[in-house]
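Structure first, commentary second.
Laboratory data are not the source of any read-out in this text; all were calculated from the coordinates shown. What you see is a predicted model, and the numbers here were worked out from it, not measured in a lab. Positions of Cβ are backbone-derived with ideal geometry, glycine not excepted, and every protein chain shown enters the neighbour counts.
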Amino acid sequence: MKPLAILIMLTLSATAAEQTVQYSVRGLFQPDRKDALTNAATALENCRLIEVNFDLARATFGYDDEAQGFKKAKPEQILQQIDNQVRSATNHTFTLQQPRALAEDKLKRIEFTIEGLDCLGCSYGAYSTVVAIEGVERATASFHDGRLTAFIDPAKTNREAVAEVLKKKDIKIVEATDKQEPKPKN
Amino acid sequence: MRLTFLFLFLLIPGLPSQAASAAFFEQHCVKCHDAEVQKGNLDLTALKADYANAENFARWVKIHDRIHSGEMPPKKEKRPAEAETKAMTAALSQSLIAAERAQLDATSRTSVRRLTRVEYENTVRDLFDMPGLALQILLPADGTAHGFDKNADTLEISHVNVAKYVEAADLALDLAIATRPKAPASQKVHLSLLNRGGQGAYLSMQGDVVVLRDQKADPAFPPASEHRHLDQGAHERISSFETDSSVGVFRREDESVNYYFRGHTTIYPGRYRVRTSLWSFQWDKGKVLPARGTEAARLAVVQLTSDGRGGQHPNYTLDYFDAPSLKPTEHELEVWMNHNELMGFDVASLAPVANYSRKDRAMGFTGPGIAVDWMDVEGPIHDVWPPRSHQLLFGDLPIEEFIAKDHPEVRVPARKNWEKTWLRGGKNKADPVTGIWTVRSDNPLADAQRLLAAFLPKAFRQPVADATLKAYIDIVAGRLQAGECFESAMREAYRSALCSPDFLYHAEPETKLAQHALACRLSYFLWNSAPDAELVAANLHDAKILRVQTERLLRDAKSQRFVEDFLGQWLKLRLIAANDPDKKLYPEFSPYLQDSMVAETRAYFRELIGRDLNATHLVKSGFAMLNQKLATHYGIDGVVGPKIRRVELPQDCPRGGFLTQAAILKITANGTTTSPVVRGAFVLDRLLGQPPDPPPSSVAAVEPDVRGTTTIREQLAQHRNNAICASCHAKIDPPGFALESFDVIGGQRDRYRIVVEGTGDPAPRGSIDPFIGISFKLGLKVDPAGEMIGDLTFNDIRDMQRLLAAKPELLLRALAQNLLSYSTGREVAFSDRPALKTILDKTGPQGGVRTLIHAIIQSPLFQTR
């Protein structure tokens, strides 16, 4: 490589400032899905995955604001750009959204023990059902312990409504609780 | 009255010693067949000898045959002296032959006839070396006359045929002509039965299919239990079905279930190599255990229609394959796959179980399964490029890119866009070519002359006159002048050739067949297709060479086409699926059993030819051609796997000959009941060459008693009390009575099965698969005894076989007649009988089927038009 080219690259590198954004992530239904997202993120272009917070279902991305697709992009365009890449790399099993406005301590945690939740696909199926309900802010579903947990906005939904949706999908609830656990850390 | 009879009879032309013959009729026949009695609806006193009238001629032939066989006068009447009978029948025969020859000599024996659609497809396939090209399906079905679709009487051409021939020629040329510089890239695709788009994934959600790893239930995808897996779409998105695990299948294909390997849908027609690994197992509520034995899996080619979704697409079976217990076994085959075709699969030998509605689904099921580890599909495979089909059409002319702007005066050649019409969904990828590539000719008309001079004799299966060649060159010249490129202009000529009478019709211009016509007759007989170069070049008028070539053709794999086509019509194997046996009465019936039946009959005929076995084997044999499925059905032990092989039969086993093969027994039944009349008529017509007369329209048919309170035999006894019916049924019914020992699917029985509430005795399971539920009961006893004309009594099917096998000349004659009819495209006429007798004499009463085929081919009947 010629010295001039190296100089140009160094200059660009120095001037290109990385911006960071945090999004709510759908698809983080089991702890091992964190690795799945991390692996898939290696395919991202002009942006990168910096950190995943499984407890809050959030991920932080960095992007080059001079790069194609990000230059002079509005916030919603940046979300769309990164979300499209994430969806494409994960067969649409991960999607990104703007973080919710509701404070964490306003959320109510409800939990169900589900019968027949015995494989990754079933966990994803149960999770997808719950997370699509209006008022469910985030959820987890794990075939390791057969439990489905949802964090809901009490103003919009409740345990009975969630249970009803599950029943309609032929998902059998063995036990349902409103057990509160320690608040996840930000 | 008798004076009238004598008067009419003496009008028989050419009849020598008329007075003696007239006296014979008067003395022995007129008593029952005069105007008053008219037994059998025959009034000899009014029957003129109008041989030009086909109906009248046939009547006299029947009179001749009844007297000649000794059936008439009836045994209760005074018998004429043998010499008297001989003299009379000889005289009548001579007069009939003379009259028929006078009529036939004025015309050709075999009329002009086109190729049947099977012949057409085979001819195009062989011409272009495209062995799986599907053209038959485009053409209208052929009719039949005298039992065969090859009969000239039925092979006319309508405007519909012509339109379809154009369509078929276009499809063949689309495939034959190379339109790219390099072959489409050969791809090897690794498939799972769970691949997206097939039903395997869906069935795994509910327990009719399980996912296995290392011959255990795969912990990553546990068997469906009380709860089915949730949300198939979620499993697909998360790639649950993109796995290297094996797939264990319990449920057989049915109206709503089909197993397709949707990971490969063919884009480019051609040869593909298919490999798969199969094994069987016993499933016990989640555990994989050794299987009960070797199971059979079916591989098929599925022809996707419309948008390719769902199941029940047309398909054809490639073969059945061994799946041994816990031993993964690889099978490899080369398959021609057409556009949008894919591989299908079925657990053929398993009983029709369904776990989706069972409590605990797969985890509650104990029973057999077949596992598919994987399937690889590789292709298209081209050993040369351009392919042989293209070389036949364009020789070694180069294929170059057509740059339209460089040839503003030339129209761009049309292209078939395989990629656009591909029903996507597979893992295989399209390999489109950039630009338009076509054959380049620097000297178009000279090249056209050279190429057409080579092509036309092959396509037309005869030398081509200069004028004919010129006509095709003129087509090319005309198209070039009209602005077509060389390829398009040549294509027009080729299309015209493939739709021309020279291609579509058998060329038999001379009465004694010329060399090329004889080569064609021989190859369309034994290969059902055009002759190859060696046959065309051989001097077939030399009897020794003809024999050598006949042997070569019989040895060649293409002779299987003859076996299938001939048996399909002679023994009506084409009708094997005409009805589905009643599921309550015959729950053990399956498509695998049906295919095995057909395979047995074909393999048996091949064995008769291969070992040159005599005609008694048509009805009685010491061996059978069986696989495990059929052997179990017949109650014969020790046969394992789906491959058909020769099995020596236990003493007194009635199986073996065509007469007692399950295929024949199924074809002659209606799926619910059997009728001695139908089966007896089949035996008389097909095996003995004595087709019975159609029933009189005034007599009602015998309806089977589905309540099972009377047997068909008892009903027939009443029917036979009617004098009009009795005489024919005395001949027709006996073989059918003996065959009552076999049910509608060819199983042997002592009692009839019934499904009437509250009646019958519990049925033992016998050889029926333990996973098949039985609801039928046993009703009345079967009576297989009877008496044949001539005081020949029989107690059962074995006696009947012995009686029939004692008539080898009759069996041989019937087979010879059918082979002659099939191979010459015409019915064996009365005047052919002397020539037929020569064939039979040369074969000898104990002569084998292969010897008979040679005798036929060497005969003047075969070698004249």
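Hey, what do the phi angles of the stretch B:271-277 turn into as Karplus ³J(HN,Hα) couplings, whole Hz, using 6.51/-1.76/1.60 and θ = phi - 60°, x for Gly and Pro?
7, 10, 9, 10, 10, 8, 10
What distance in nm lies between label points placed 7 Å from Cα along the C-beta direction at B:L333 and B:Q481?
In this crude label model, B:L333 to B:Q481 measures out at 5.3 nm.
Largest first and to the nearest Å, give the Cα extent of the stretch B:21-67 along each principal axis.
Principal-axis extents of the Cα atoms in the stretch B:21-67, largest first: 27, 20, 16 Å.
If you wrap the stretch A:12-97's Cα atoms in a convex hull and average its projection over all directions, what's the area in nm²?
Taking the Cα atoms of the stretch A:12-97, their convex hull projects to 5.2 nm² on average.
Tell me, what are the semi-axes, in whole angstrom and largest first, of the equivalent ellipsoid of the stretch B:558-706 as set by the roots of 5 times the Cα gyration tensor eigenvalues?
Over the Cα atoms of the stretch B:558-706, the ellipsoid semi-axes are 26, 20, 14 Å.
Would you please give the residues with an amide H less than 5 Å from that of B:I436, counting only those at least 5 places away or on a separate chain, with H modeled from the backbone geometry?
Close amide H contacts, sequence-distant or interchain: B:F402.
Before anything else, pin down the relative contact order of chain B: Cα pairs under 8 Å, at least 6 apart, normalised by residue count, whole percent.
Relative contact order, chain B: 12 percent.
So if each residue of separation counts as 0.36 nm, and I subtract the Cα-Cα distance between B:A141 and B:R574, what length gain in nm does that give?
Result: 154.6 nm gained on full extension.
In chain A, how does Rg compare with the Kirkwood Rh, expressed as the Rg/Rh ratio over alpha carbon atoms?
Looking at chain A, the ratio lands at 1.08.
Within a 10 angstrom radius of each residue's Cβ in A:128-135, how many Cβ atoms of other chains show up on average? Whole number is fine.
1
Expressed in whole Å with the largest first, what are the equivalent ellipsoid semi-axes of the stretch A:104-177 derived from the C-alpha gyration tensor as the square root of 5 times each eigenvalue?
Each semi-axis is the square root of five times an eigenvalue, giving 19, 12, 11 Å.
Could you list the GluC sites (Glu not before Pro) in the stretch B:462-510 that lie in coil according to DSSP, counting only those with at most 15 other Cβ atoms within 10 Å of their Cβ?
Those satisfying the criteria are B:E510.
Relative to the compact-globule scaling 2.2 N^0.38 Å, provide the ratio for the alpha-carbon radius of gyration of the stretch B:749-865.
Ratio of Rg to 2.2 N^0.38 Å for the stretch B:749-865: 1.68.
Regarding the stretch B:111-213, what's the average projected area of the Cα-atom convex hull, expressed in nm²?
Mean projected area of the Cα convex hull: 11.9 nm².
Mind ordering A:39-51, B:199-211 by average Cβ neighbours within 10 Å, highest first?
For the peptides A:39-51, B:199-211, the packing ranking is B:199-211, A:39-51.
Return a whole-number percent for the relative contact order of the stretch B:575-806, with Cα pairs under 8 Å and 6 or more residues apart as the contact set.
22
In whole Hz, what ³J(HN,Hα) sequence does the stretch A:161-167 give by Karplus (6.51, -1.76, 1.60; θ = phi - 60°), x for Gly and Pro?
Using θ = phi - 60°, the values come out as 5, 5, 4, 4, 5, 4, 4 Hz.
Out of residues 5 or more away from B:L778 or on other chains, whose amide H comes under 5 Å of its own, with H placed 1.01 Å from N in the peptide plane?
The answer is B:I754, B:D761, B:A763.
Rounded to two decimals, what ratio of Rg to Rh does chain B give with C-alpha atoms and a Kirkwood Rh?
Radius of gyration relative to Kirkwood radius: 1.02.
For the stretch B:359-365, just list the computed ³J(HN,Hα) in residue order, Karplus coefficients 6.51, -1.76 and 1.60, θ = phi - 60°, integers in Hz, with x standing in for Gly and Pro.
5, 6, 6, 4, 6, x, 9
Evaluate the Debye formula for the stretch B:344-393 with equal point scatterers sitting on the alpha carbons, no solvent, and hand back log10 of I(q)/I(0) at q = 0.17, 0.19, 0.22, 0.28 Å⁻¹, in q order, two decimals.
Cα-only, vacuum Debye calculation for the stretch B:344-393: -0.71, -0.81, -0.94, -1.12.
If I take R0 = 22 Å and measure r between the Cβ atoms of B:N539 and B:Q103 in this structure, what FRET efficiency does the formula 1/(1 + (r/R0)^6) give, to the nearest 0.05?
The computed FRET efficiency comes out at 0.05.
Please give, to one decimal in nm, the separation of the simple spin-label points placed at B:K182 and A:Q68, each 7 Å out from Cα toward the Cβ.
Going from the B:K182 label point to the A:Q68 one covers 2.7 nm.
Note down the nm distance, to one decimal, between modelled labels 7 Å out along Cα→Cβ at B:R424 and at B:R646.
Placing both labels 7 Å along Cα→Cβ, they lie 5.5 nm apart.
Which whole number gives the average count of other chain Cβ atoms within 10 Å of the Cβ atoms across peptide A:108-121?
Averaged over the peptide's residues, the number is 4.
Could you list which residues have their amide H under 5 Å from that of B:A371, counting only those 5 or more apart in sequence or on another chain, with H placed in the peptide plane?
Hits under the 5 Å cutoff: B:V249, B:W279, B:S280, B:F281.
So which of B:K327/B:K777; B:K48/B:K78; B:K164/B:K458 end up more than 29 Å apart, counting from Cα to Cα?
B:K327/B:K777
Measuring from the lowest to the highest alpha carbon on each principal axis, how far does the protein assembly as shown reach, largest first, in angstroms?
Largest first, the protein assembly as shown extends 127, 85, 45 Å along its Cα principal axes.
Can you pull out the trypsin sites (Lys or Arg not before Pro) in the stretch B:40-110 whose DSSP state is coil and whose Cβ has at most 10 other Cβ atoms within 10 Å?
B:K76, B:K78
Can you give the Rg/Rh ratio of the stretch B:468-569, where Rg is from the C-alpha atoms and Rh is the Kirkwood radius?
Taking Rh as the inverse mean 1/r over Cα pairs, Rg/Rh reads 1.12.
Sort largest first and round to whole Å: the equivalent ellipsoid semi-axes of the stretch B:289-338, each the square root of five times a Cα gyration tensor eigenvalue.
Over the Cα atoms of the stretch B:289-338, the ellipsoid semi-axes are 28, 14, 8 Å.
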